[in-house]
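The values are calculated or read from the model by the stated rules, or taken from the named source; none is laboratory data. Note that this is a predicted model, so its numbers are computed, not measured. Cβ atoms come from the backbone with ideal geometry, glycine included; neighbour counts cover every protein chain shown.
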């Protein structure tokens, strides 16, 4: 298969992509599980299904990554277009019999090519800067920015739409998603204990952009953890987990965010777990050690962080909850968030917990683990493909007969909510934790 570039690389382009960042090279584990081109990944890949070309399949993209790393190909806009169109949903990893660490390879390749020129008409660099700023800024700055943007969208819609239009379709998609929420600060005690001896001492991650947009989810998560017997700490200085920067290929920024989070967690003393209620954040934290070489002083600390990071649904399923206090008579379809089922391997816990709620009926959702198009910031960077995937998910929701769609990732929730509204369907979207909280609240 030829990987020759369509045209010579610009003079500013590096001769070898690997020359940018020595710490971003794939780990030995990633290298030791080579793709054997068996094709099992093809039916699992949503973008291959949509685009139908080998270079838009996992094995085709791996071929491109190898060529870039070896210097056999240059990071031309055409070549990078194939890599940028990847969702990073990791469905190919679940299907792969050889254990190829595709997600790690994609992440490091994007880091090496993050400043390479893209084709005209792709996402505005201003949007990328805004997203990266959101990952880097203090929590109060992010909260204020989201509140001001949401208020401006309500009261000055023409102005906000005009600015978004200049920034490109990704910014317009972002405003569409933001319209689904009224941001507020979560009302959470910084330290809460159950009525009996705690089973676990945990910290709750609030995230960056996730913090002001999911206040009710954070409150529900803390209540459920207490009901399951956990002592819950909410570290006051915590910030972004680094996932957003990793999606953008900015690994230096991601390392800084994870290092700051580890320092914040160290200040609260011994912890059994860092509990996460956003699948994308959880997947990134579980793989935090990959940000540093094995001989780096931070590697062991990040490895410990990854081992202690756990999705709230997985922990509640392990610890168990007392009987529910009320019925929740709803027909619910469960969307399996990619970064929970494929990246973290958590598939059954959400279903078991929802099935424990009296009155709740789980409706079968076709291709429940197929990506909805959110995929971190994919819906902002690749809005056209993301919208097509969203429409497919909405059609599956329509056919399920459900009145409510549950997704264990806030990005999926927003994406699906926007799709349901665009289709004129009277269906709602929620997080499984909020349904559990409704069943267990006083």
Review point. Given 87, 68, 79, which one is closer than 17 Å to residue 370 by Cα, buried (at least 22 other Cβ atoms within 10 Å of the Cβ) and in contact with a helix residue (DSSP H, G or I) (Cβ under 8 Å, 6 or more places away or on another chain)?
Key: 87
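Kindly provide the set of residues from the stretch 96-111 that are in contact with a helix residue (DSSP H, G or I) (Cβ under 9 Å, 6 or more places away or on another chain) and over 19 Å from residue 243 (Cβ atoms), ordered by number. Walk me through it before giving the result.
To start, the set of residues in the stretch 96-111 that are in contact with a helix residue (DSSP H, G or I) (Cβ under 9 Å, 6 or more places away or on another chain) comprises 96, 99-111.
Within the stretch 96-111, 96, 99, 100 qualify.
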Study note, to complete from the structure: Across (1) in contact with a helix residue (DSSP H, G or I) (Cβ under 8 Å, 6 or more places away or on another chain); (2) surrounded by fewer than 16 Cβ atoms within 10 Å (Cβ to Cβ); (3) more than 30 Å from residue 393 (Cβ to Cβ), residue 289 clears everything bar (2)
Check your understanding: Can you name the residue in the stretch 40-55 that is touching a helix residue (DSSP H, G or I) at 6+ places or on another chain (Cβ under 7 Å) and surrounded by fewer than 20 Cβ atoms within 10 Å (Cβ to Cβ) and, of all such residues, is nearest to residue 82 (Cα to Cα)?
Key -> 55
Check your understanding: Can you tell me which of 118, 72, 128 is outside any helix (DSSP H, G or I), at pLDDT below 90 and outside the structural domain of residue 387 (by TED's automatic domain parsing)?
Key -> 118
Check your understanding: So residue 172 fits all but one of (1) assigned to a helix (DSSP H, G or I); (2) more than 25 Å from residue 260 (Cα to Cα); (3) modelled with pLDDT of 80 or more; what number is the exception?
Key -> (3)
